[in-house]
Amino acid sequence: MPTLYGAPISPFVRKTMVALAEKGITYEHDPVVPAIAPAEFKRISKDISPLGRIPAYRDDDLTLADSSVIIAYLERVKPTPALYPSDARDYARALWFEEYGDGGLAPIIGAKIFFQKIAGPAFFKQPTDEAVVNKAINEELPPLFDYLEGQIGTGDWLVGRGFSIADIGVATQFAQASFAGVSPDTKRWPKLAAYVERALARPSFADAVGKAKAMLGLK
Ligand SMILES: N[C@@H](CCC(=O)N[C@@H](CS)C(=O)NCC(=O)O)C(=O)O
């Protein structure tokens, strides 16, 4: 049975958990956190996560790191249900939204909101810098939310007709923000707020988010 390494409080581990659940792949879960338990993480890091990050994944003698790499691999080993659109343009757009989550939303939500409000105080005894949080919420996130609001059409999901890697990559970041009590205002970003609610209500997301909340002691 494959093993997923990394705690569900990581948005990137959560991406992988959601993909595994959507595809119905059973796996063992080793919820290590490199920054919180470095000694524990060392036992796997050299072998399977050369950059020392989570998630990492072991499938028999194959080891992989990076959520995008792992999910692309899962798509090849279990093509249905597909998480990547077959149409070339939709495929490219889906990859773009995944990157928008990983490279656009994550640096703000992860470092400037989740770390400041939750991980720093809880795990590193570092007090919240409210100025950093407020700037992120009031100045840095709104343009990113505006863009997404404009990208959501009449369908349920970001690209094509189906739930895809685009939705996994974006929604996992909104789950991360929600742990810190941050969500898109329903009046200013009505489509985005409804979209996030829809994505996080999927059983795959609900389960992964529930596990993260349990680890963080949140309701
Ligand atoms: N591009 C990577 C990013 C992974 C990443 O940055 N993971 C963070 C946790 S959210 C990590 O392991 N950081 C190192 C640490 O916690 O020490 C992916 O998609 O998997």
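Here ALA39 clears all of (1) of a type in the set (A, V, I, L, M); (2) surrounded by 14 or more Cβ atoms within 10 Å (Cβ to Cβ); (3) modelled with pLDDT under 95; (4) in a helix (DSSP H, G or I) except the condition numbered (2). Note on segment 127-218: enclosed helices (runs of 4 or more DSSP H) holding 1 or more residues that are under 19 Å from GLU99 (Cα atoms) and of a type in the set (Asp, Glu) are 141-151, 165-179. Return yes when TRP96 is modelled with pLDDT of 95 or more and surrounded by fewer than 18 Cβ atoms within 10 Å (Cβ to Cβ) and no when it is not. Answer is yes for this residue.
Evaluate the following for LEU4: is it under 19 Å from the mean Cα position of the chain (by Cα), within 13 Å of the ligand (Cβ to nearest atom) and under 25 Å from PRO203 (Cβ atoms)?
yes
Every condition in (1) modelled with pLDDT of 95 or more; (2) over 16 Å from the mean Cα position of the chain (by Cα) is met by GLY153 except one, and the failing one is (1). For the residues ARG93, ARG58, ARG43, the requirement of being in the same structural domain as VAL18 (by TED's automatic domain parsing), among the basic types (Lys, Arg) and in contact with a Leu (Cβ under 9 Å, 6 or more places away or on another chain) singles out ARG58. When LYS117 is tested against the conditions (1) of a type in the set (Lys, Arg); (2) closer than 28 Å to PRO34 by Cα; (3) surrounded by fewer than 15 Cβ atoms within 10 Å (Cβ to Cβ), the lone failure is (3). None of ALA166, ALA82 is touching a Leu at 6+ places or on another chain (Cβ under 6 Å) and under 26 Å from ILE54 (Cβ atoms) except ALA166.
Per the conditions (1) among the hydroxyl-bearing types (Ser, Thr, Tyr); (2) touching a strand residue (DSSP E or B) at 6+ places or on another chain (Cβ under 7 Å); (3) modelled with pLDDT under 95, the sole criterion not satisfied by TYR73 is (3). Every listed requirement among (1) at pLDDT below 95; (2) surrounded by fewer than 19 Cβ atoms within 10 Å (Cβ to Cβ) is met by PRO34 save one, (2). In segment 72-103, what residues are within 12 Å of the chain's Cα centre (by Cα) and over 11 Å from SER164 (Cα atoms)? If the condition is that a residue be within 12 Å of the chain's Cα centre (by Cα) and over 11 Å from SER164 (Cα atoms), then GLU99, TYR100, GLY101, ASP102, GLY103 are the ones that fit.
Would you call ALA19 modelled with pLDDT of 95 or more, of a type in the set (Gly, Ala, Ser) and within 13 Å of the ligand (Cβ to nearest atom)? So ALA19 fits the description; yes.
The values are calculated or read from the model by the stated rules, or taken from the named source; none is laboratory data. Owing to the predicted nature of the structure, the values given are computational and were not obtained by experimental measurement. So basically every Cβ, Gly included, is an ideal-geometry build from the backbone, and we count neighbours across all protein chains shown.
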